[in-house]
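Student: Below is the structure I would like to discuss, written out as structure tokens.
Laboratory data are not the source of any read-out in this text; all were calculated from the coordinates shown. As the structure is a prediction and not an experimental result, all values here were calculated from the model. Here the Cβ positions follow ideal geometry from the backbone for every residue, glycine too, while neighbour counts run over all protein chains shown.
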Amino acid sequence: MTPVRRNSAAPLRDLTGGAFPLRAPLLTFLRLLSCLFCLLLLPGCLQSLFPKSSPPQFYRIDYPFHPSSCAEPFPATVRIWPFNGALPYDRQEMIATAPGLQVRFSSHYQWVASPPDMIANDLVRDLSIGKVFENVASAKSSMAAAYGISGQLYRFDLEKRGASSYALLDLEITLWREKPRTVIFRKHFHYQSPPLTSNGPSEFAAAISELVSHLSMDLRNDLCTLSKDSSHPAGD
């Protein structure tokens with residue numbers, strides 16, 4: 001009677017044709033190799049289930065400078081302070097609004113900076129080139145300034161109305177004299193683009209850039225008119 005072997009594992013043949021039992025260390029090694037193989041495949045599996053999203057696309061306000069005549073510029077320096085943005089226009093995501101108080105943010109299409117910062121930076125350039133003031137300083141400049149300008153942004157978005165869409169720009173700009181601290185100009189500016197042919201980010205960026213260009217021209221014309229008033233001399 002042939003005795004029954006308690007080792008149920010099938011023997012493996014060596015290179016000489018002999019047989020040897022599958023020892024415990026070899027089983028452990030094969031299990032580890034199998035686990036390592038699964039770990040190597042796991043990132044690929046996760047990537048297919050959760051694909052990486054494409055990086056965001058950034059846009060900026062871009063328009064050519066349009067000169068305006070300012071026969072009597074302010075004989076002093078003005079500092080352009082940061083503009084404030086009413087919620088939700090203090091963030092970089094492009095915004096689309098619709099009737100019913102609906103607001104949508106685009107995480108994929110964004111501005112290079114917040115709309116208030118972009119507008120303030122463009123006005124630094126335009127007021128400087130346009131010679132509306134003797135000098136124009138940014139908020140970080142150490143140059144002494146007799147005047148200050150800041151603004152409050154209320155709308156900077158793509159508004160959908162039925163089948164049509166429009167770019168909207170709505171803000172208030174204030175000019176004050178530093179000594180004594182006196183507001184000498186405050187105006188609310190509101191602009192709306194013609195109907196857009198699409199809701200794409202490129203057309204929206206181009207339309208809102210055109211509105212900021214109109215703002216720049218209107219503001220410079222208003223300030224040039226104001227500069228003719230001798231009741232607002234430069235501060236000490």
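Student: Grab the Cα-Cα distance for residue 53 and residue 71, subtract it from 0.36 nm times how many residues apart they are, and report the gain in nm with one decimal.
Tutor: Taking residue 53 through residue 71 to full extension adds about 1.1 nm, to one decimal.
Student: If you take the charge dipole of the range 73-227 about its Cα centre, with +1 on Lys and Arg Cβ and -1 on Asp and Glu Cβ, which of 100, 201, 165 is farthest toward its positive end?
Tutor: 100
Student: Could I ask something else about it? From Cα pairs below 8 angstrom and at least 6 apart in sequence, can you work out the relative contact order of the range 161-209, rounded to a whole percent?
Tutor: 41 percent
Student: Related question: Along the Cα→Cβ direction, 7 angstrom out, place labels at residue 226 and residue 91. What is the inter-label distance in nm?
Tutor: It is 3.3 nm.
Student: Once phi is turned into ³J(HN,Hα) by the Karplus curve 6.51 cos²θ - 1.76 cosθ + 1.60 with θ = phi - 60°, what whole-Hz value does each residue of the range 222-227 show in order, with x for glycine and proline?
Tutor: These are the phi-based 3J(HN,Hα) values: 5, 6, 5, 5, 5, 5 Hz.
Student: Right, something else. Determine, at each q value in 0.20 (inverse angstroms), the log₁₀ of I(q)/I(0) that the Debye formula gives when each Cα of the range 73-227 is one equal point scatterer.
Tutor: Computed log10 I(q)/I(0) values: -1.21.
Student: Follow-up. Going by how many other Cβ atoms sit within 10 Å of their own, how do 77, 225, 197, 97 line up, fewest first?
Tutor: 197, 225, 97, 77
Student: For a footprinting-style exposure proxy, rank 189, 156, 105, 83 by other Cβ within 10 Å, fewest first.
Tutor: In increasing order of surrounding Cβ atoms, one gets 105, 189, 83, 156.
Student: When the chain is fully extended, how far beyond the present Cα-Cα distance does residue 174 get from residue 105, taking 0.36 nm per residue of separation?
Tutor: Residue separation times 0.36 nm, minus the Cα-Cα distance, leaves 22.0 nm.
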